[in-house]
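Here's the structure, in structure tokens; my notes come after.
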Amino acid sequence: MARLKEKWQEEFTLWHTRRLDDLDVVYCWVDGIYVKAGLEKEKAALLVVLVALSDGRKVVLAVTSGYRESTESWGAVLRDLRERGLRPPRLVIGDGHLGIWNALRQVYPEAEEQRCWNHKIINVLDKLPQRQQAAGTALLRQIPAAPTRREAGQRREQFVGWCGQHGYGDAAKCLLTDWERLVTFYRFPQPHWQHLRTSNPVESPFAAARLRTDAAKRFKLVKNATAVIWKMLLVAEHAFRRVKHPELMPLVYRGIRFEDGRQVQTEVAA
């Protein structure tokens with residue numbers, strides 16, 4: 001096992017320093033996975049970047065140890081990608097609590113931002129009593145499923161009104177926080193919305209990694225945990241499903257505008 005980990009570490013080092021100039025990145029999902037690594041009092045996090053290319057393929061782009069909520073950690077990840085030739089993605093999707101957002105504005109200010117609806121719904125439900133969780137979930141899930149941004153706003157107000165009737169002001173306030181970045185997906189093709197509303201594309205392959213690391217002995221070195229999980233993610237990459245309607249990806253990459261999921265521009269202004 002020691003030799004295998006050493007081999008993976010060598011492969012990871014080569015992978016982690018490869019050039020990225022030839023990648024046309026359209027969408028980018030980010031998240032952090034906590035693993036039992038090292039002897040720190042705080043669990044180490046692996047910051048993972050997964051992207052969708054202009055041909056619809058999804059590939060893992062970065063796996064780096066750091067702190068999930070740290071702007072400095074995410075800034076280091078993004079600067080490294082930029083220095084290796086990565087051009088700005090059109091849209092970045094992730095949890096609103098991640099430190100990447102401040103870092104993104106410093107490194108790739110051109111990229112648009114989409115907050116993950118799954119994380120937002122969980123955060124809002126935390127503000128509701130247990131007896132109202134089911135009713136709150138039903139109302140919340142209707143919002144990002146709305147066919148237009150305007151209707152999403154109307155459904156948001158229905159939830160806010162429901163909160164007002166029952167005295168759940170904190171839940172309403174939580175939903176309203178960062179609203180504009182919750183509805184960014186409406187400016188992209190409708191067939192892609194299911195990929196863009198949440199960070200599921202990057203969280204799904206994490207499930208196997210969590211099972212592996214939680215069931216295993218505690219890793220003594222963060223670098224070993226990184227190499228092992230990186231290898232698992234690369235294996236999982238072969239089974240990643242492409243973005244639906246990949247023929248729309250080049251349009252998004254070129255900057256063609258969409259409103260409520262429909263194309264409203266034929267060419268990018270010079």
Cut-off under 14 Å on the C-alpha distance; same-chain residues fewer than 8 positions from LYS223 excluded. Which aspartates and glutamates are left, in chain and number order?
GLU6, GLU10, GLU11, GLU40
Loop-exposed GluC sites (Glu not before Pro) per DSSP, neighbour cap 14 Cβ within 10 angstrom, longest uninterrupted part of the chain:
111-266
Rounded if a/c is under 1.5, else prolate if a/b beats b/c, else oblate: with a ≥ b ≥ c from the C-alpha gyration tensor eigenvalues square-rooted, which is the stretch 36-193?
oblate
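Give me the percent of Cα-Cα pairs in the chain that sit more than 23 Å apart, rounded to a whole number. Present the calculation step by step, with values, prior to reporting the outcome.
Values: 20469 of 36315 pairs.
So the portion of pairs separated by more than 23 Å is 56 percent.
What does the helix-only formula give at 222 nm for the chain: each DSSP H stretch with n ≥ 4 adding -39500 (n - 2.57), the total divided by the residues, and the result rounded to the nearest 500 deg cm²/dmol? Write out the running numbers ahead of the final one.
Working: 11 runs with 123 residues, N = 270.
Result for the chain, helices only: -14000 deg cm²/dmol.
Remind me, relative contact order of the chain in percent, using alpha carbon pairs under 8 angstrom and six or more residues apart?
Details: 442 pairs, mean separation 67.8, N = 270.
For the chain, the relative contact order is 25 percent.
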Among 51-63, 118-130, the order from most to least packed when residues are scored by Cβ within 10 Å on average:
51-63, 118-130
Set of aspartates and glutamates with alpha-carbon distance to LYS127 below 15 Å, sequence-local pairs under 8 removed
ASP170
With the Cα gyration tensor of the stretch 101-150 giving a ≥ b ≥ c as the square roots of its eigenvalues, does the rule (a/c under 1.5 for rounded; else a/b larger than b/c for prolate; else oblate) give rounded, prolate or oblate?
oblate
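Laboratory data are not the source of any read-out in this text; all were calculated from the coordinates shown. All of these numbers come straight from a predicted model, not from anything done at the bench. Because the Cβ atoms are built from the backbone with ideal geometry, glycine has one as well, and the counts that use them run over all protein chains shown.
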